[in-house]
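The values are calculated or read from the model by the stated rules, or taken from the named source; none is laboratory data. No experiment lies behind these values; they were computed from the predicted model shown. FYI the Cβ positions are ideal-geometry reconstructions off the backbone, even for glycines, and counts take in every protein chain you see. Only protein heavy atoms, including side chains, enter the accessible area calculation; ligands, DNA and RNA are left aside. Shrake-Rupley method; radii C 1.70, N 1.55, O 1.52, S 1.80 Å.
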Amino acid sequence: MKQSLKLADIIAVGFMLFAFFLGAGNIIFPPIAGQMAGAHVFSAMSGFLITAVGLPLLTIIAIGVSGGSWQHLTRDLPPKVAMIMAILMFVIIGPAFAAPRTGLVAYEMAAKPFLGADAGQLSLTLFSIAFFSIAMFFAWSQGKLIDTIGKFLTPALFIGLIVLAIAVFVNPQGEIVAATGNYIDSPLTTGFFEGYNTMDTFGALMFGILIIDALKKKGITEHKATTKYLTIAGCIAALGLAFVYISLFYLGATSSTVAAGAGNGGAILTAYTHALFGSSGQIVLSIIVLIACLTTAIGLISACADYFSSICKVTYKAWVIIVGVACAVVANVGLSQLITLSVPVLFLLYPIAIALVALAFTRKFMPNPRLAYRVVILVATCFAILDAAKVAGADMSVFSMLPMFEHGMAWVIPTFASMIIVRFVGTKEDELVTENA
């Protein structure tokens, strides 16, 4: 029996995925990158789009191609290694960093401007409790995610973003000035690494599984149909993200007059929106940020709870509470330290995630998938450790002769070279053994 979805449901699934992706980091990083890139904004934006749009899209498709779950994606790795990788990714993008960041950014940009002198630790605590309570409420019932987010929250979010984007392009608030910092000499690679901060490649590993669960509840269970609709949803989300990033990069590039000296993307957005719309602009911005952060928090809490409940006896709903409470706590204490610690962690995990996605697309060409996965992931991990240590401040000058090491990409050539080598190692019989194991 042929399985299909109505057009409205296809759009809703795509909007759901877009809403999951579009969170705190997606809104605050592009403006500051655009402002610093200045005249080199196109190159910087291109690098950013590779890691913040291209890689998440490929990851979504890879999940569908590999079978629709983390277990399928990592079936050729030792089970304990796959579990450790998953736990690290779910922790960093869940309760340890990305999810709490949604609550903190929502407070800073959607609540704090209206509190004035009353803004303090107590108000942050109360806001965090309310914010993550709402997120837990929506994440409580997985089956309703596609309706609550895809059909209601996301259209409101997208309308707000369209209004802001049109205003930015029609009435830019300044001239594009010269580039600053690393964007002077290497805008492309700097933008590439800036895209790491969105963590959307890790998010795609979670959200893709959520979308598959939503499709199953719509009656889509066949592998071919699931991959088809997952790919369509990924393309819709990618187009939406590209639209947002391009407009926010341009906003940042033309913000030197109204937001000179701003320390972060949130401050740039606030100043720019106020210049465009006056005092009412803060209300528009607050709605955009609040909905974006809330939908991402819902997706992250739901995905974390779904995974952790699959590897232990604690129920999904119990994990929703555990993760939600942890997020509320972390949003109040030690987040600045976590931001600093997250950079080397991202430099360590991103190459591994990229290698895993590349292997998902090339697996069918490998004579011995089990050997290929283990060798390539090991190579990616070893060289990613060097890049992460360098970013963390360790003296790694002894490795400076490695290709692309100075750009923080020493892992690239060895990882893809190992993929080529393992293409010619092993026999077809090995593959049959692997499949039956």
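Listed by first and then second residue, the pairs with beta-carbon distance under 8 Å, at least 6 apart or on different chains, first residue in region 244-273 and farther than 13 Å from residue 172 by Cα and outside the structural domain of residue 288 (by the TED database), second among the hydrophobic types (A, V, I, L, M, F, W, C) and assigned to a loop (DSSP other than H, G, I, E, B), form an empty list. Just one residue in the set 52, 99, 37, 44 is among the hydrophobic types (A, V, I, L, M, F, W, C), in contact with a Leu (Cβ under 6 Å, 6 or more places away or on another chain) and touching a residue at least 40 places away in the same chain (Cβ under 8 Å); that residue is 99. When residue 91 is tested against (1) β-branched (Val, Ile, Thr); (2) surrounded by fewer than 20 Cβ atoms within 10 Å (Cβ to Cβ); (3) within 20 Å of residue 374 (Cβ to Cβ), just one condition goes unmet, and that condition is (3). Working carefully through the options 99, 110, find the one that is over 12 Å from the mean Cα position of the chain (by Cα) and assigned to a helix (DSSP H, G or I). On inspection, the qualifying residue turns out to be 110. The criterion of at least 2 residues that are modelled with pLDDT under 85, touching a helix residue (DSSP H, G or I) at 6+ places or on another chain (Cβ under 8 Å) and open to solvent by less than 30 Å² (accessible area, probe 1.4 Å) is met, among helices (runs of 4 or more DSSP H) falling completely within region 148-244, by 154-170, 200-217.
For region 96-133, filtering for residues that are open to solvent by 10 Å² or more (accessible area, probe 1.4 Å), within 24 Å of residue 310 (Cα to Cα) and at pLDDT 90 or above leaves 1.
Taking every residue in region 282-297 that is open to solvent by less than 10 Å² (accessible area, probe 1.4 Å) and pairing it with any residue that is at pLDDT 85 or above and of a type in the set (Phe, Trp, Tyr), at least 6 positions away or on another chain, the pairs with Cβ-Cβ distances below 7 Å are 297/132.
In region 9-34, the residues that are touching a residue at least 40 places away in the same chain (Cβ under 8 Å) reach residues that are open to solvent by 10 Å² or more (accessible area, probe 1.4 Å) and of a type in the set (Phe, Trp, Tyr) with C-beta atoms within less than 7 angstrom, at least six apart or across chains, in these pairs: 10/229; 13/229; 34/250. Based on what the data block shows, is residue 62 outside any loop (DSSP other than H, G, I, E, B), without any contact (Cβ under 8 Å) to a residue 40 or more places away in the chain and open to solvent by less than 20 Å² (accessible area, probe 1.4 Å)? No: the conditions fail for residue 62. The set of residues in region 15-38 that are small (Gly, Ala, Ser), touching a Phe, Trp or Tyr at 6+ places or on another chain (Cβ under 9 Å) and either within 27 Å of residue 102 (Cβ to Cβ) or open to solvent by 10 Å² or more (accessible area, probe 1.4 Å) (or both) comprises 19, 33, 34, 37. Of note, residue 72 does not satisfy the criterion of being farther than 18 Å from residue 310 by Cα, open to solvent by 60 Å² or more (accessible area, probe 1.4 Å) and not in a loop (DSSP other than H, G, I, E, B). Selection of region 1-37 for residues being farther than 19 Å from residue 243 by Cα and outside any loop (DSSP other than H, G, I, E, B) yields 7, 8, 9, 10, 36. The residues on offer are 339, 385, 354, and the sole one that is open to solvent by 50 Å² or more (accessible area, probe 1.4 Å), of a type in the set (Val, Ile, Thr), modelled with pLDDT of 90 or more and part of a helix (DSSP H, G or I) is 385. Listed by first and then second residue, the pairs with beta-carbon distance under 7 Å, at least 6 apart or on different chains, first residue in region 112-141 and free of Cβ contacts under 8 Å to residues at least 60 places away in the same chain, second of a type in the set (Gly, Ala, Ser) and surrounded by 16 or more Cβ atoms within 10 Å (Cβ to Cβ), are 112/119; 127/111. Could you tell me whether region 247-268 includes any residue that is of a type in the set (A, V, I, L, M, F, W, C), open to solvent by 30 Å² or more (accessible area, probe 1.4 Å) and closer than 16 Å to residue 48 by Cβ? There is no residue in region 247-268 that is of a type in the set (A, V, I, L, M, F, W, C), open to solvent by 30 Å² or more (accessible area, probe 1.4 Å) and closer than 16 Å to residue 48 by Cβ. Quick one: would you say residue 278 is within 22 Å of residue 129 (Cβ to Cβ) and at pLDDT below 90? It is false that residue 278 is within 22 Å of residue 129 (Cβ to Cβ) and at pLDDT below 90. In region 198-227, the residue that is farthest from residue 30 (Cα to Cα) out of those that are among the hydroxyl-bearing types (Ser, Thr, Tyr) and within 20 Å of the chain's Cα centre (by Cα) is 201. Here is a check on your reading of the model: is residue 326 out of contact with any strand residue (DSSP E or B) (no Cβ under 7 Å at 6 or more places or on another chain), buried (at least 23 other Cβ atoms within 10 Å of the Cβ) and of a type in the set (Gly, Ala, Ser)? For residue 326, the condition - out of contact with any strand residue (DSSP E or B) (no Cβ under 7 Å at 6 or more places or on another chain), buried (at least 23 other Cβ atoms within 10 Å of the Cβ) and of a type in the set (Gly, Ala, Ser) - is not met.
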